[in-house]
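Written out below as structure tokens is the structure these notes cover.
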Amino acid sequence: MKQSLIIDCDPGVDDATGLLTAFASHDLDLLAVTTVGGNVSAEKTARNARILRQIAGREDVPVFAGAERPLRREPAGAGEFHGAEGLGDLAPFEPAAPTAEGTAAEAIVRLVKERPAGSVALIVMGPMTNLALAMRAEPRLADHLGPVVVMGGARAEGGNITASAEFNIWADPDAAAEVFASGCRMIVLGLDATHQVRSTETRIRMIEAVDTASGRTAAGMLRFSQRTEREIVGWDAGPLHDPCTVACLLKPQLFELAPCRIDVETESDLTRGHTAVEFRVEAATARHFWATRADADGVFALIAERLGAGQ
Ligand code: RIB
Ligand code: CA
């Protein structure tokens, strides 16, 4: 039985590798890709998702454009890590297939509600604005959703946009706070996990060895990130964030998850977007699961295998 899935993202070079891996994974029933402003503008993230879809040969998957700005905050960006157009060194083009009619939030509500409760998983690789808007439009959505697998949050590793916050949560902390409070079951790949999944030279070469358009595109994104991480952060091998969500859904045994309760700081400018991860909860009733360990070699091997099965 294929896992039904919606991916919400802000491509973004790491979103791109995650999307390409999902497009190539034929054991997923990818119902839609929804996009949000984040790394670059909403207009560019929607175009970039369509570009990646065309490269992967998956025009069967509709792309719905979503929120252009956070619920309350000013739009932020991360172009320095993704390139001005959002896809690193890949020169953008106008894809043949357009975006689908309707907003991302509308599509999430419709696609989840028209299927059995719990059967549609949602991966969120960017700010949670679209999911928060969908939950506002349909208050029962949290009860109908399957697992929500999120890249976001900072705890032991500290933040990557401020001392205590990770970019996706920081960019729209109000949306994240509403989603974490909704009661939906959430698997959270924060920096504690994604910082264990480093794009080392050996691992990048593993992806470069994949002789498909998707493999070559993902490898180009990894090389771009390698350069920006060295130049901006001084890291020789940067973390691979968003693809960890797809890997976790496809092969959960690659990660160790701890039951917890996560709340988001929205009042303080200093700690805006901090994820307070409380492990002192009853495991049997926990709704949030924080990834504490990741098998980096396993993640890269899975990505390489899937990209090789794609176009
Ligand atoms: O902090 C990492 C996250 O922020 C990733 O989703 C990356 O794409 C950026 O959006
Ligand atoms: Ca992202």
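The values are calculated or read from the model by the stated rules, or taken from the named source; none is laboratory data. What you are looking at is a predicted structure, and each value in this text was computed from that prediction instead of being measured. Using ideal geometry, Cβ is built from the backbone for each residue, glycine included, and neighbour counts are taken over all protein chains shown. Remember, those area values only see protein heavy atoms, side chains included, never the ligands or the DNA or RNA. Shrake-Rupley method; radii C 1.70, N 1.55, O 1.52, S 1.80 Å.
At-a-glance table
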quantity	calculated
Per residue accessible area in Å² of the range 184-241, where ligands, DNA and RNA are left out and the probe is 1.4 Å	39
Residue range of the chain that is longest and free of trypsin sites (Lys or Arg not before Pro) which are both DSSP loop and sparsely packed (at most 12 other C-beta within 10 Å)	141-279
Apportionment of accessible area to carbon and sulfur, the chain, percent (1.4 Å)	51
Hz values of 3J(HN,Hα) by residue in the range 228-244 - Karplus curve (6.51, -1.76, 1.60), Gly and Pro given as x	5, 5, 5, 6, 8, 9, x, 7, 7, 9, x, x, 9, 7, 4, x, 4
Charged-residue dipole, Cβ positions (Lys, Arg, Asp, Glu), the range 179-311 about Cα centre, Debye nearest 20	320
4 °C / 1.567 mPa s Stokes-Einstein diffusion coefficient of the chain, Kirkwood radius on C-alpha pairs, µm²/s	69
Rounded to the nearest 20 debye, dipole of the range 1-104 from Cβ charges on Lys, Arg, Asp, Glu	160
Around GLN253: net Lys/Arg minus Asp/Glu count, Cβ-Cβ under 14 Å	-1
DSSP loop GluC sites (Glu not before Pro) with at most 12 other Cβ within 10 Å: longest gap in the chain	115-266
Accessible area, probe 1.4 Å, largest first, for residues ILE187, ILE161, ILE108	ILE161, ILE187, ILE108
Between the range 221-259 and the range 35-81, the Cα center-to-center distance that results, in Å	19
Label-point separation, ARG205 to PHE93 (7 Å along Cα→Cβ), nm	3.1
Summed residue charge, Cβ within 12 Å of PRO98's Cβ, Lys/Arg positive, Asp/Glu negative	0
The range 1-115, accessible area per residue, ligands and nucleic acids excluded (1.4 Å, Å²)	38
Loop-located chymotrypsin sites (Phe, Trp or Tyr not before Pro) in the range 266-311 whose Cβ has at most 16 other Cβ within 10 Å (DSSP)	PHE279
Charged-residue dipole, Cβ positions (Lys, Arg, Asp, Glu), the chain about Cα centre, Debye nearest 20	480
Placed amide H near LEU257: partners under 5 Å, 5+ positions off or other chain	THR292
Charge-dipole axis of the range 233-311 as Lys and Arg at +1 and Asp and Glu at -1 on Cβ define it, positive-most pick from VAL264, GLY298, TRP235	GLY298
